[in-house]
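Structure first, then comments.
The numbers here are math on the coordinates, done by the rules we state, and not lab data. What you are looking at is a predicted structure, and each value in this text was computed from that prediction instead of being measured. Cβ atoms come from the backbone with ideal geometry, glycine included; neighbour counts cover every protein chain shown.
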Ligand SMILES: NC(=O)c1ccc[n+]([C@@H]2O[C@H](COP(=O)([O-])OP(=O)(O)OC[C@H]3O[C@@H](n4cnc5c(N)ncnc54)[C@H](O)[C@@H]3O)[C@@H](O)[C@H]2O)c1
């Protein structure tokens, strides 16, 4: 259970982030949502969190901007107290073959998925060190582990998240702070709803469990890594992909 803990979920307004926010709340954690999208969506999710009997705080924050990140983290601390669990979930895609991918497409995806994850960790790093406790869970992707045509920017960013996860795990281990990643496969969210549906159906045929995942499937793995049962796990990557990518 996570009673008395505060969880901060980036990109928590919808999709996988929303499922994570609700799962952690159902286990008793107070939840902060930082999202760059429509504030009404973040507020609606915060309302669903509160309905589970815990506190919620939502603020608009673009995680690529360190000033916004530091300001938002300060507001979260003011509203809910210090952060115990940081879930770096916010992410974007700009898929196209590398031939057509512009330098701006590359920068935009690296900036949110990788730099944004780093900035969030940086903003809470000293707090975690001082507390000598904390959990960081980064949402990577199997695309970062195996590559995916049309996703040079995205798979590079997610491979970067895995490297960042392992480095932070090593840096903060002596302070009793763990850092792990969850690598989802194909999950039913607004992100995949925007993909080419024929290509998605084709990819699904190669999933051993024969279905796309649900946001809740990812949230379960995050909740495990955030809980007491995962105290001795750090620097790991858990795939939640129906067996799509087996190493
Ligand atoms: N859906 C999948 O199949 C899948 C597979 C593997 C990994 N993932 C990863 O899971 C995470 C969540 O994906 P999703 O499918 O729920 O996506 P989504 O597009 O439904 O939700 C992403 C959320 O992140 C927010 N966001 C985007 N840029 C932001 C920024 N700069 N600052 C703050 N918030 C920002 C959006 O407003 C949105 O609410 C992402 O990191 C994604 O890469 C998703």
The chain: most fluctuating residue of 21, 98, 223 per GNM, C-alpha cutoff 10 Å: 98
Could you line up 232, 154, 125 from fewest to most neighbouring Cβ atoms inside 10 Å? 232, 125, 154
How much length is gained if the chain between residue 55 and residue 100 is pulled fully straight, taking 0.36 nm per residue apart and subtracting their Cα-Cα distance, in nm to one decimal? 11.7 nm
Compactness summary of segment 115-170: radius of gyration and Dmax from Cα atoms, Å, are 13.0, 43
Pulled fully out, how much extra length does the chain show between residue 171 and residue 66, if you take 0.36 nm times their separation in residues and subtract their Cα-Cα distance? 35.7 nm
Ranked on Cβ counts within 10 Å of their own Cβ, fewest leading, 178, 167, 102, 117 go 102, 167, 178, 117
Against the longest principal axis of the chain, how steep is helix 215-226, in degrees 0 to 90 to the nearest 10, with axes from Cα atoms? 50 degrees
Structure-based [θ]222 nm, the chain - -39500 (n - 2.57) summed over DSSP H runs of at least 4, per residue, nearest 500: -14000 deg cm²/dmol
Full extension from residue 228 to residue 48: what is 0.36 nm times the residue separation minus their Cα-Cα distance, to one decimal in nm? 62.3 nm
Whole number please: convex hull volume per residue of the Cα set in the chain, in Å³? 117 Å³
Relative contact order, percent, of segment 6-239 when contacts are C-alpha pairs under 8 Å separated by at least 6 residues? 20 percent
Defining a contact as two alpha carbons under 8 Å apart and six or more residues distant in sequence, what relative contact order in percent does segment 1-72 show? 29 percent
Give me P(r) over segment 1-140, computed from all C-alpha to C-alpha distances, binned every 5 Å, as integer percentages. 2, 11, 21, 23, 19, 11, 6, 4, 2, 1, 0
Euclidean distance of C-alpha centroids, segment 82-126 and segment 224-245, integer Å: 20 Å
For segment 1-68, which semi-axes, largest first and in whole Å, follow from the square roots of 5 times the eigenvalues of its Cα gyration tensor? 19, 12, 9
Please report 78, 43 as a ranked list, fewest other C-beta atoms within 10 angstrom at the top and most at the bottom. 78, 43
